[in-house]
1. Please give the length that would be gained between Asp224 and Ile26 if that part of the chain were fully extended, namely 0.36 nm times their separation in residues minus their C-alpha to C-alpha distance (nm, one decimal).
2. Report ³J(HN,Hα) in whole Hz for each residue of the stretch 254-267, in order, from the Karplus equation J = 6.51 cos²θ - 1.76 cosθ + 1.60 where θ = phi - 60°; Gly and Pro get x.
3. Could you give the distance between the Cα centres of the stretch 8-44 and the stretch 337-356, to the whole Å?
4. Could you work out what % of the accessible surface of the stretch 290-407 is carbon and sulfur, using a 1.4 angstrom probe and leaving DNA, RNA and ligands out of the count?
5. Kindly flag which residue pairs out of Lys206/Lys376; Lys253/Lys376; Lys391/Lys436; Lys122/Lys471 have an alpha-carbon separation exceeding 23 Å in this structure.
6. Using the reciprocal of the averaged 1/r over all distinct C-alpha pairs, how large is the Kirkwood radius of the stretch 233-348 in Å?
7. What whole number of Å gives the distance from the Cα centroid of the stretch 85-148 to the Cα centroid of the stretch 234-304?
8. Output ³J(HN,Hα) for the stretch 49-61: one whole-Hz value per residue in order, computed from phi by the Karplus curve 6.51 cos²θ - 1.76 cosθ + 1.60 with θ = phi - 60°, and x for Gly and Pro.
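The values are calculated or read from the model by the stated rules, or taken from the named source; none is laboratory data. Everything quoted here is computed from the prediction, not taken from an experiment. Every residue, glycine among them, receives a Cβ derived from its backbone with ideal geometry; neighbour counts consider all protein chains shown. For accessibility, only protein heavy atoms count, side chains too; no ligands or nucleic acids. Shrake-Rupley method; radii C 1.70, N 1.55, O 1.52, S 1.80 Å.
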Amino acid sequence: MALSKDVYAAFEDVVGAENICNDPVIMYSYYSTEFAAIILPKNTAEVQAIVRLCNKFKLRFRPVCTGWTGMFQPGTIYLDLRRMNRIIEINEKNMYAVVEPYVISAQLQAELMKRGLHFNVKGAGTNCSAMLRGHGHLDQTTSGDDRNHLAIEWVTPEGEIVRSGSLGSSDEWFCGDGPGPSLRSILTSAVPPGVTPGVFTKAAVKVYHWPGPSRFPIQGVSPDYSLSEIPPNFMARYYSFTSVEKMWQAELKIGESEIAFELMGFNVAMVAANITRSNEEEEATFKRLSKEVQGPGFFIIIAGNSAADFEYKKRVLKQIISEADGKSLKSVEDPRIEGILLCQCIRISASIRETFRPGGMFKSIPVMGQRDLTIKWAIGAGKAKEPLIEKGLIVDDGGAFFGWGVEQGHLGKTEIFCKFDPQNAVAAEAVNNWHKEQSARAFNERYFALTMGADAQVGPSLSNYHIWWSKIQKSLDPNGVSPEAGALV
């Protein structure tokens, strides 16, 4: 849908001629749909003005940060937020950082590490917005972002500016709640639909103590990065176990002792992905590592605040692993491999090589809940992958799943991937069917799969959440100009 000259001029008056475009060639380079226009605001005031114009002219808009965008309806105003790329503040005393949407996690993590701080980089990767809601490798000690997002500046679908929590009452960013009723669940909820209409223009993110160096001693060139040395008081290991039960009991004890900087239930296919440079090398490494492990396992990083603290944590870990009959994967004890995994999991994000490189696409089912129960669901989902592996429709990872504890194991997340070639229609259909069947199984067995929308089927099990959310959506967006998404990453 083309904009009239008058409507186009109204948007142009807000951002300037250089920051709006309706050239079909340029617009198609963003996404294969017919946008009404691409607009690049530089600050909250311009976002507000654009949203108000969208309401005036009844135009749907969608804000996008760094690229995980989903689908677009034709005629949408595409808000490209790349000009909003500032780290507003790093508050070392109160341990939070305030960022705009286009600050990526790599950028923020680098600045935090210089100050003896860090934050939880999400699994989507460090090239994604630092404002991204979700989970990452450091959930064991930092939790997920329904905890870590503090105060937020939000332009509502009608163009009002809302400053949540302490920002609205004291102009400070340290808290996402109060005084009075809290908007946290609407703004940062991880349950379906897990999105917020409007645009997040600034957000405060909780940061944590970093016991490591101000920068990693990285050597090599992409994709062959490694560390010239392991930082003092750091150790990375992978342990396998003879049964899921023994693995789970070890995870529980590690959480109770609070010794892990990271505890991630990698499978060996994920280890192979992260320490190799190509699909061919990954396949050979996976086959070799599969023969070295005795069953399911996890990856752990120990980080000491001092030499004495480091030695204590290692002794506790050694005892826990021994009691569970765990076995260390010797390949990970190699300092070069250990350094790669330290960097991948803390500074980069181990997820990218695990997902897109093998086939070009992946589909996953993440399930939240009590970790030992969600593991039982994942074993069945893994078995359901095996026929697809045998037919060559998906990448062979042994039918494995993975998962991790959140907040020292008080909550858990289990997830399972299918990696495939999206150009293979038979493979894509098979993966979609697997996805639907296993998501439905999670629901029927009373697990909570994050792939399930808040619809009429699932909603009654979530206090009719879908009805409440629909009412909230209509109240926030009476003109229907904003899709059910905030500033996507």
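1. Additional length available on full extension: 67.9 nm.
2. My calculation for the stretch 254-267 gives 5, x, 5, 7, 6, 9, 8, 7, 9, 9, 10, x, 4, 9 Hz in order.
3. 36 Å
4. Its accessible area is 54 percent carbon and sulfur atoms.
5. Distance filter (> 23 Å) returns Lys206/Lys376; Lys122/Lys471.
6. Details: mean 1/r = 0.0696 Å⁻¹.
Every distinct Cα pair counted, the radius reaches 14.4 Å.
7. 25 Å
8. Once θ is set to phi - 60°, the couplings for the stretch 49-61 become 5, 5, 4, 5, 5, 4, 5, 4, 9, 6, 10, 6, 10 Hz.
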